[in-house]
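Inspection log for the structure reproduced underneath, given as structure tokens.
The values are calculated or read from the model by the stated rules, or taken from the named source; none is laboratory data. Nothing here was measured: the structure is a model prediction, and the numbers come from that model. When we count neighbours, we look across all protein chains shown, and the Cβ atoms used for this are built from the backbone with ideal geometry, even at glycine. Just the protein is used for accessible areas: all its heavy atoms, side chains included, with ligands, DNA and RNA removed. Shrake-Rupley method; radii C 1.70, N 1.55, O 1.52, S 1.80 Å.
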Amino acid sequence: MEPIKVDFTGNGGNGKGRGKGAYLAPDKAGLKLIISLIVTVIGAGITYYFMLPPLNFKSTETYMFFGIVAVIFIAMLYVTSLAFARPEYMEYVKRRSIIPAAIIALLVVTVGVGMLVSNVVFRAKTYSKIIEVNEDKSFASDIEEVDFSSVPVLDNAAAAALTNRTLGDLASIGAISQFEVSNQITQINYKNEPVKITTLAYGDIFKWLKNTGTGLPGYIIVNMVSQKAELVTLPQGEYIRYSVHEHFGKYLMRHVRFAYPTYIFDNPHFEINESGTPFWICPVLDKTIGLFGGTDVKGIVMVNAVTGEMQEYTIDQVKSEKDLQWIDGVYSANLLTEQYNYYGRYQGGFINSVIGQDNVRMATEGSNFLALNDDVYMYTGVTSAGNDQAIIGFVLINMRTKDANFYKVSGAKETSAMLSAQGDVQDYKYTATFPILINISGQPTYFMSLKDSDNLVKRFAMVNVQNYQVVATGQSIADCTDTYVKKLKQNNINIKVDIDKIENEAPDTEDNATEKEYITKKGVIDDIRTAVMGGESVYFIRLEGAKTYYTVKASANEKVVILNKGDTVTVKFEKSSDAIIELVSIK
């Protein structure tokens with residue numbers, strides 16, 4: 001037990017602090033202070049290793065890191081002095097904590113002031129200029145008529161469902177059951193085709209321990225048009241050794257952070273160049289307004305996923321150098337949406353964004369991606385400040401260059417179109433992908449895929465933007481388009497579309513792409529019934545000698561409305577044991 005030392009002189013137990021009141025210092029206080037400092041340095045190193053904050057005063061993570069270090073020092077003083085058991089040492093801890101506590105206070109004040117001077121309330125006009133938007137655009141003239149050979153039909157969930165089917169191919173390299181598909185999926189243009197791409201990931205921590213010595217054997221490409229998924233294994237002896245699925249020194253962000261300690265990075269994403277070499281693209285961010293506001297991209301760090309080699313490029317280099325134009329994702333969809341909302345809300349100042357709201361607009365919920373001119377563009381609708389169920393136009397933003405174009409088109413919001421499409425097939429409980437806006441003979445049209453509970457594409461849907469009651473669905477894009485044209489005609493909108501050309505160009509659903517078996521049967525109608533489902537007339541037909549009913553919508557085949565019992569018909573349908581089967585065609 002340490003002896004109690006009481007100093008009645010008012011100078012402190014160590015002879016210091018004259019006139020500051022008495023306090024009691026623990027035995028070997030100097031040594032314990034050194035131990036506290038050493039443990040603090042070690043704790044700071046461990047915290048930095050796992051937290052990986054940028055040492056940049058434009059990042060709030062920096063202030064948090066130094067605050068944590070100060071707290072560690074104060075905590076160690078408390079522990080080494082045994083203040084938790086000896087309250088008489090508490091005054092000593094408080095005295096020694098003055099400097100770290102002042103540092104914490106300074107950090108808090110700096111963050112507070114930084115947020116204040118960066119606040120959009122005071123800098124609204126500046127925020128509105130982060131992105132430039134060309135509004136002198138015409139949908140009919142600028143957006144080419146749709147080419148279904150290049151229209152993506154998959155979202156991330158549907159692509160993920162297809163990627164899992166490729167894992168069986170790992171058996172050829174003796175790696176079956178060791179890996180799974182990463183949940184990070186990127187859309188890029190690869191050899192002039194829109195694809196989703198993702199790496200493999202380790203199945204669990206034990207499989208990581210077994211395989212981390214070599215790395216991940218490859219990546220998966222999903223063609224968004226043909227819906228074909230392919231596992232690409234790297235050349236012999238090559239593996240993806242640096243990724244977001246690694247740990248310790250080969251963990252991507254730790255590898256990059258140690259090389260660029262002051263850079264603020266956005267989330268990295270996976271891409272491949274035209275020769276199939278895998279890279280990680282790490283966007284470098286800057287705060288352009290005040291201390292913390294106006295997030296923008298000022299460059300990238302490109303990491304070779306195999307070798308770990310890093311190269312840094314400015315944003316101007318990425319935009320202008322031909323050798324870098326294979327890179328498709330520099331600006332994230334979230335960042336682009338945020339910047340467009342600043343542009344739409346604050347052009348008239350902050351007060352106008354709250355009171356009056358003249359010309360105030362914002363992006364709708366959700367976004368999708370289009371492949372245009374060998375680049376990837378983010379698409380989102382634009383609605384008024386009231387955020388009603390209509391759009392006033394849409395914006396396309398290049399995800400490599402940030403070039404933004406606004407097109408004035410009034411009509412239904414994407415969510416309304418999705419509900420309309422799902423309502424058309426409500427008996428199947430399909431869900432719609434977020435729409436893409438396409439041009440069909442001058443008609444702005446939402447195009448969607450309809451997925452089942454396993455995220456496999458089963459149907460396609462088209463909804464007219466200006467009249468979302470005009471809804472068409474079909475097992476193929478050609479069938480869907482044919483129905484869409486007929487429904488437009490019913491609404492006194494006549495357009496000409498080459499259905500035969502679409503049949504040759506467009507992809508089928510995933511079911512049809514995997515060569516489902518179809519049956520054609522000729523027979524006499526024994527029973528015919530009708531019902532209204534989802535606002536449409538659906539006919540149920542049974543042939544003589546059969547128990548199965550075949551269904552067909554009147555909108556898909558107008559002639560079905562004049563069929564009667566006793567008529568001879570030829571039906572085509574997918575082989576099935578169900579009691580009710582949807583027809584592909586009826587003649």
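From the phi of every residue in segment 38-55, what ³J(HN,Hα) in whole Hz does the Karplus formula 6.51 cos²θ - 1.76 cosθ + 1.60 yield, where θ is phi - 60° and glycine or proline is x?
Listing the rounded values in order: 5, 5, 4, 4, 4, x, 5, x, 5, 4, 5, 4, 9, 7, 6, x, x, 7 Hz.
Compare the peptides 261-267, 41-47, 438-444 by average per-residue count of other Cβ atoms within 10 angstrom and give them in order, highest first.
Numbers: 261-267: 16.3, 41-47: 13.7, 438-444: 18.3.
The peptides rank, most packed first, as 438-444, 261-267, 41-47.
Assign one of three labels to segment 72-185, namely rounded, prolate or oblate, based on the Cα gyration tensor with a ≥ b ≥ c the square roots of its eigenvalues; rounded applies when a/c is under 1.5, prolate when it is not and a/b is larger than b/c, and oblate otherwise. List each step's numbers first, then the result.
Working: a/c = 7.04, a/b = 1.57, b/c = 4.48.
Oblate is the answer for segment 72-185, as a/c is 1.5 or above yet b/c matches or exceeds a/b.
Taking the 0 to 90 degree range and rounding to the nearest ten, how far is the long axis of helix 414-424 tilted relative to the main principal axis of the chain, both from C-alpha atoms?
The helix 414-424 is inclined about 40 degrees to the chain.
Considering only protein heavy atoms, what is the solvent-accessible area of Phe292 at a probe of 1.4 Å, reported in Å² to the nearest 10?
Phe292 has an accessible surface of roughly 30 Å² with all protein chains in place.
If we count every other residue with Cβ under 12 angstrom of Gly566's Cβ, Lys/Arg +1 and Asp/Glu -1, where does the sum land? Please report the intermediate quantities before stating the final value.
Values: positive: Lys565; negative: Asp526, Asp527, Glu544, Asp567.
Net local charge, Gly566 excluded: -3.
In segment 173-275, what % of DSSP beta bridges are antiparallel (nearest 5)?
Numbers: 19 of 20 bridges.
Among the beta bridges of segment 173-275, antiparallel pairing accounts for roughly 95 percent.
Positive end of the dipole of the chain, charges at C-beta (+1 Lys, Arg; -1 Asp, Glu), about the Cα centre: which of Thr47, Tyr407, Thr314 has its Cα farthest in that direction?
Thr47
Suppose every Lys and Arg Cβ carries +1 and every Asp and Glu Cβ carries -1, with no other charges. What dipole size does the chain come out with about its Cα centre, to the nearest 20 debye? Walk me through the numbers on the way to the answer.
Numbers: 56 positive and 64 negative charges, 477 e Å.
With Lys and Arg at +1 and Asp and Glu at -1, about 2300 debye.
Residue-wise, which Karplus ³J(HN,Hα) couplings in Hz belong to segment 288-301, taking 6.51 cos²θ - 1.76 cosθ + 1.60, θ = phi - 60°, and x for glycine or proline?
9, 10, x, 9, 10, x, x, 4, 8, 9, 10, x, 9, 10
With charges only on Cβ, +1 for K and R and -1 for D and E, what is the dipole size of segment 90-168 about its Cα centre, in debye, rounded to 20? All intermediate terms of the calculation are to be shown ahead of the outcome.
Values: 8 positive and 9 negative charges, 228 e Å.
Value, rounded to 20: 1100 debye.
Evaluate 2.2 N^0.38 Å with N set to the residue count of segment 286-354, then give the Cα radius of gyration divided by it.
Details: Rg = 16.0 Å, N = 69, 2.2 N^0.38 = 11.0 Å.
Normalised Cα radius of gyration, segment 286-354: 1.45.
Given the options Ala531, Tyr127, Ser59, identify the residue whose Cα lies farthest towards the positive end of the charge dipole of the chain (+1 on Cβ of Lys, Arg; -1 on Cβ of Asp, Glu).
About the Cα centre, the residue reaching furthest to the positive side is Ser59.
Given H placed on each backbone N at 1.01 Å, which residues far from Met533 in sequence or on other chains put an amide H within less than 5 Å of it?
Counting only residues 5 or more places away or on other chains, the set is Val538.
Find, among the trypsin sites (Lys or Arg not before Pro) in segment 394-439, those assigned to loop by DSSP (not H, G, I, E, B) with at most 14 other beta-carbon atoms within 10 angstrom. Show your work: numbers first, answer last.
Values: sites: Arg400, Lys402, Lys408, Lys413, Lys429; in loops: Arg400, Lys402, Lys408, Lys413, Lys429.
Hits after loop and neighbour filter: Lys408, Lys429.
Determine the equivalent ellipsoid of segment 231-282 by diagonalising the alpha-carbon gyration tensor, then write out the semi-axes as square roots of 5 times the eigenvalues, largest first, rounded to whole Å.
Working: eigenvalues 101, 36, 15 Å².
In descending order the semi-axes read 22, 13, 9 Å.
Looking at the P(r) of the chain, how many percent of alpha-carbon pairs lie beyond 35 Å? Could you put the intermediate results ahead of the total?
Values: 93974 of 171991 pairs.
Taking all Cα-Cα pairs of the chain, the fraction more than 35 Å apart is 55 percent.
Using amide H atoms built 1.01 Å from N in the peptide plane, name the residues 5+ places from Gly299, or on other chains, whose amide H lies under 5 Å from its own.
Val284, Ile315
Heavy atoms only, 1.4 Å probe, whole protein assembly: order Ile499, Ile289 by accessible area, highest first. Let's see the in-between values first.
Details: Ile499 35, Ile289 0 Å².
From most accessible down to least: Ile499, Ile289.
Considering amide H positions built from the backbone, and no H for Pro or chain starts, which residues 5 or more places from Leu372, or on another chain, come under 5 Å of its amide H?
Tyr377
Across the chain, where is the longest run that never hits GluC sites (Glu not before Pro) in a DSSP loop with at most 15 other C-beta atoms within 10 Å? Spell out each step's value before the answer.
Values: sites that count: Glu132, Glu135, Glu144, Glu145, Glu274, Glu309, Glu321, Glu365, Glu515, Glu517, Glu544.
Maximal segment without exposed cleavage sites: 366-514.
Which order do the peptides 80-87, 124-131 come out in when sorted by mean C-beta neighbours inside 10 angstrom, highest first? Provide the component values of the computation, followed by the final result.
Numbers: 80-87: 14.4, 124-131: 18.9.
Ranking the peptides 80-87, 124-131 by packing returns 124-131, 80-87.
Where does the chain land at 222 nm, in deg cm²/dmol rounded to the nearest 500, when only DSSP H runs of n ≥ 4 count, each adding -39500 (n - 2.57), divided by all residues? Mind dumping the intermediate values first?
Values: 16 runs with 168 residues, N = 587.
Per the formula, -8500 deg cm²/dmol.
Determine the shape class of segment 211-311: with a ≥ b ≥ c the square roots of the Cα gyration tensor eigenvalues, call it rounded for a/c under 1.5, and otherwise prolate if a/b is greater than b/c, oblate otherwise. Let's see the in-between values first.
Numbers: a/c = 2.73, a/b = 1.53, b/c = 1.78.
In terms of gyration-tensor shape, oblate.
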